[in-house]
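Input: a single structure, listed below in structure tokens.
The values are calculated or read from the model by the stated rules, or taken from the named source; none is laboratory data. Fair warning: this is a prediction, and the values are worked out from it, not measured in the lab. For neighbour counting, all protein chains shown are included, and Cβ atoms are generated from backbone atoms with ideal geometry for every residue, glycine included.
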Amino acid sequence: MFSSLLSWTAVGLAALVAVLVAVRHHEESSRRALLAALAVPVGASALFFTLALHMHRSLGGWPETIGNRGFPEGLLQHESAAFTAFGILLVGLLLSPLALLLCAAAPRLRGGLSPIATYATASIAALLLTNLAPDPFLYWWWD
């Protein structure tokens, strides 16, 4: 529990430092780079919440067991896409502190601070937003 809290704190602090450095240096960041940084977190959130809706409608409620036995094919595909998107989001989030440190240390890479900080911040927000889903869906999702 403590190491998990420490990890999340480190990620949050790295994102905050990156945002502050980017603002201080006022480097021009491409709009496309910032939009690309938002693509995975926004896409993962959209897949997550539409999966909850799709699941509830397809099954007539929430699954009573962990797993996907008895799911219709369309729901299985939706589940796979959502899990893949969240996997990409989590890997990117875990790598973002290293990327932020690298960009902060290399003057030629400082332009990457803002998009990476945007990605990290949006990813944390996406993870926090999952808590808005109904408890039976969250139980199924996280197990």
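Out of curiosity, is PRO63 at pLDDT below 90 and either closer than 17 Å to THR50 by Cβ or outside any helix (DSSP H, G or I) (or both)?
Values: at pLDDT below 90: yes; either closer than 17 Å to THR50 by Cβ or outside any helix (DSSP H, G or I) (or both): yes.
Against the criterion (at pLDDT below 90 and either closer than 17 Å to THR50 by Cβ or outside any helix (DSSP H, G or I) (or both)), PRO63 qualifies.
State whether the residues of the stretch 128-142 include one that is acidic (Asp, Glu), surrounded by fewer than 13 Cβ atoms within 10 Å (Cβ to Cβ), over 13 Å from the mean Cα position of the chain (by Cα) and part of a helix (DSSP H, G or I). Talk me through it step by step, then tell me what you get.
Step one: of the stretch 128-142, the residues acidic (Asp, Glu) are 135.
From the residues that got through so far, the ones that are surrounded by fewer than 13 Cβ atoms within 10 Å (Cβ to Cβ) too are 135.
Filter again for over 13 Å from the mean Cα position of the chain (by Cα), leaving 135.
Next, from what is left, pick out any that are part of a helix (DSSP H, G or I): 135.
For the stretch 128-142, residues acidic (Asp, Glu), surrounded by fewer than 13 Cβ atoms within 10 Å (Cβ to Cβ), over 13 Å from the mean Cα position of the chain (by Cα) and part of a helix (DSSP H, G or I): present.
Does at least one position in the stretch 65-85 carry a residue that is under 27 Å from SER114 (Cα atoms), surrounded by 13 or more Cβ atoms within 10 Å (Cβ to Cβ) and among the aliphatic types (A, V, I, L, M)?
The initial filter retains those residues of the stretch 65-85 that are under 27 Å from SER114 (Cα atoms), namely 82-85.
Then drop every residue that is not surrounded by 13 or more Cβ atoms within 10 Å (Cβ to Cβ), which leaves 82-83, 85.
Subset that is among the aliphatic types (A, V, I, L, M): 82, 85.
Within the stretch 65-85, one or more residues are under 27 Å from SER114 (Cα atoms), surrounded by 13 or more Cβ atoms within 10 Å (Cβ to Cβ) and among the aliphatic types (A, V, I, L, M).
Out of all the residues in the stretch 77-87, is one or more closer than 21 Å to ARG32 by Cα and either without any contact (Cβ under 8 Å) to a residue 12 or more places away in the chain or in a helix (DSSP H, G or I) (or both)? Explain how you work it out, then say what you get.
First, pick out the residues of the stretch 77-87 that are closer than 21 Å to ARG32 by Cα: 85.
Now restrict to residues that are either without any contact (Cβ under 8 Å) to a residue 12 or more places away in the chain or in a helix (DSSP H, G or I) (or both): 85.
So far as the stretch 77-87 goes, yes, one or more of its residues are closer than 21 Å to ARG32 by Cα and either without any contact (Cβ under 8 Å) to a residue 12 or more places away in the chain or in a helix (DSSP H, G or I) (or both).
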